[in-house]
Amino acid sequence: MEKRVAVLQGDGIGPEVTEAAVRVLEVVARRFNHTFQFDFASIGGEAIDKFNHPLPEETIAICESSDAILLGAVGGPKWDQNPSELRPEKGLLAIRKHFDLFANLRPVKAVPSLLHASPLKEDVVKNVDMMIVRELTGGIYFGEPSRKTAKSAVDTLVYTREEIERIVEKAFELARLRRGKVTSVDKANVLQSSKLWHEVVEEMKKGYPDVEVEHQLVDSAAMKLITNPGSFDVVVTENMFGDILSDEASVITGSLGLLPSASVRSDGFGLYEPVHGSAPDVAGKGIANPAAAILSAAMMLRYSFGMETEAATIEKAVETVFEDGHFTSDLSVEDGRVHSTKEWTDKVIGELDLQFVSN
Ligand code: NAD
Ligand code: IPM
Ligand code: MN
């Protein structure tokens, strides 16, 4: 197959981890006889510096002519004092909205050889396999009015029934392909938007009698995510709760540097990016963990290109490299070797090569 991928590297460790993902994709393309054309474009802080805009027209045009988007991360202290329209994060929100990427899928799966990298007990994390389904183009991130003066500030949390229905449907469909359970997380004891969310889930579950549904309030869900993460299968929630809960869930796996994500709409077009940010504290040192970016590339193959075997091959290579005792410095493991971003990516590529020799 021939596919065009827009690569938006962004800021901080963004370029370091996307470079790793592109290298892995190049190997996969060679091995499976695909052609991936990579078109690089600007987003975030680097786009502000070059074009005075966090999401330049040219970037949108490149993404529109692509089959999928691979993104690194945006943001950093250099732009933190900018007015809100000229913040790197605005570019990320704008691209999600422009392409209507309402469904953000964030899988959280314990890696057997990394159980001891989590600060949680091995027994608690060992069987974790959940999918956080985060609504991505609505809620408090986008509601109007949104403004601030010296004396007061306002943000608006709005959800329409249609916005809730389409993300909840996505969660139900995913649950059917997994263990058949949906946990809907809201704050229906306080928020009107959550009451509507709760009602919609109750109505829609009638269409999915094969799926078990539970509701949890976000505060206790945050607690259960740590005390009993194995009890979750699909977690569906609104934009901001999903943002917070997914960073929390990264603790289960041992590092934020391990969590990939897919932001998709109904026709399969999608943007693929790590859950983590630009990590200014480690940027430029060549030590970032590229696993989240590489696994995001695998999700792109699976969800946008229908290349399940290729995606699974990447995931297996990543897992084997961990099993063989190769890590990056964010993973606090006692035994094993700590590598730079590039060396660790070389190990994954070596593993991909080995898989082909043995097949
Ligand atoms: P962050 O995710 O960038 O970093 C949090 C911590 O995790 C840091 O200590 C960092 O070093 C570590 N970390 C994250 N990813 C890592 C990796 N791959 N390898 C090794 N260590 C890793 O969050 P933050 O520090 O709160 O935010 C920094 C900037 O990133 C901010 O400007 C924020 O707005 C932005 N951000 C962007 C995205 C995105 O582009 N999708 C996501 C989150 C935050
Ligand atoms: C994420 C990030 C973004 C979000 C920021 C950078 C706008 O935290 O992708 O999780 O809040 O969605
Ligand atoms: Mn986040």
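Throughout, read-outs are computed from the coordinates displayed, never taken from laboratory work. Remember, it's a predicted structure, so these values are computed and weren't measured experimentally. Note that we place each Cβ from the backbone using ideal geometry, even for glycine, and neighbour counts take in every protein chain shown.
Structure notes:
- ³J(HN,Hα), Karplus 6.51/-1.76/1.60, whole Hz, each residue of segment 17-32, x for Gly, Pro: 7, 6, 4, 4, 5, 5, 4, 5, 4, 5, 5, 4, 4, 4, 5, 9
- Eligible lysines near Lys195 by straight Cα distance, threshold 25 Å, same-chain separation 8 or greater: Lys97, Lys170, Lys181, Lys187, Lys205, Lys206, Lys224
- FRET efficiency, Asn82 to Lys285 (Cβ-Cβ, R0 41 Å, nearest 0.05): 0.95
- DSSP-defined beta bridges in segment 119-253 - what % are antiparallel, rounded to 5: 20 percent
- Per residue, the convex hull around the alpha carbon atoms of the chain comes to 142 Å³.
- For the chain, a crude dipole built from +1 on the beta carbon of Lys and Arg and -1 on the beta carbon of Asp and Glu, taken about the Cα centre, is about 300 debye to the nearest 20.
- Centroid-to-centroid, using Cα positions, segment 98-149 and segment 298-339 are 19 Å apart.
- From most to least packed by mean Cβ count within 10 Å, the peptides 111-119, 71-79 give 71-79, 111-119.
- Using 0.36 nm per residue and subtracting the Cα-Cα separation, the extra length available between Leu354 and Glu212 on full extension is 47.0 nm.
- When the charge dipole of segment 1-117 is built from unit charges on Cβ atoms (+1 for Lys and Arg, -1 for Asp and Glu) and taken about the Cα centre, the candidate among Phe51, Val17, Ile95 whose Cα reaches farthest toward its positive end is Val17.
- Euclidean distance of C-alpha centroids, segment 9-48 and segment 183-216, integer Å: 38 Å
- Over segment 119-253, relative contact order from alpha-carbon pairs under 8 Å, at least 6 apart, %: 39 percent
- Each of Asp267 and His116 was given a label point 7 Å from its Cα along the Cα-to-Cβ line. The distance between the two points is 5.0 nm.
- Scaled to the globular estimate 2.2 N^0.38 Å, the Cα spread of segment 157-256, given as radius of gyration, is 1.04.
- Anchor Lys347: aspartates and glutamates whose Cα lies under 12 Å away (excluding residues fewer than 8 positions away in-chain): Glu319, Glu323, Asp324
- Taken along its three principal axes, the alpha carbon spread of segment 29-109 comes to 46, 32, 23 Å, from the longest extent down to the shortest.
- Restricting segment 86-131 to trypsin sites (Lys or Arg not before Pro) that sit in a DSSP loop and have at most 16 other Cβ atoms within 10 Å of their own Cβ leaves Lys121, Lys126.
- Per residue, the average separation of C-alpha pairs within less than 8 Å and at least 6 apart gives the chain a relative contact order of 21 percent.
- In the chain, helices alone account for a calculated mean residue ellipticity at 222 nm of -13000 deg cm²/dmol, with every DSSP H run of four or more residues adding -39,500 (n - 2.57).
- Fluctuation leader among Ala171, Ala150, Ala94 - the chain, Gaussian network, Cα springs under 10 angstrom: Ala150
- Charge dipole of segment 117-169 (Cα centre as origin; +1 on each Lys and Arg Cβ, -1 on each Asp and Glu Cβ, all else neutral): 400 debye, rounded to the nearest 20.
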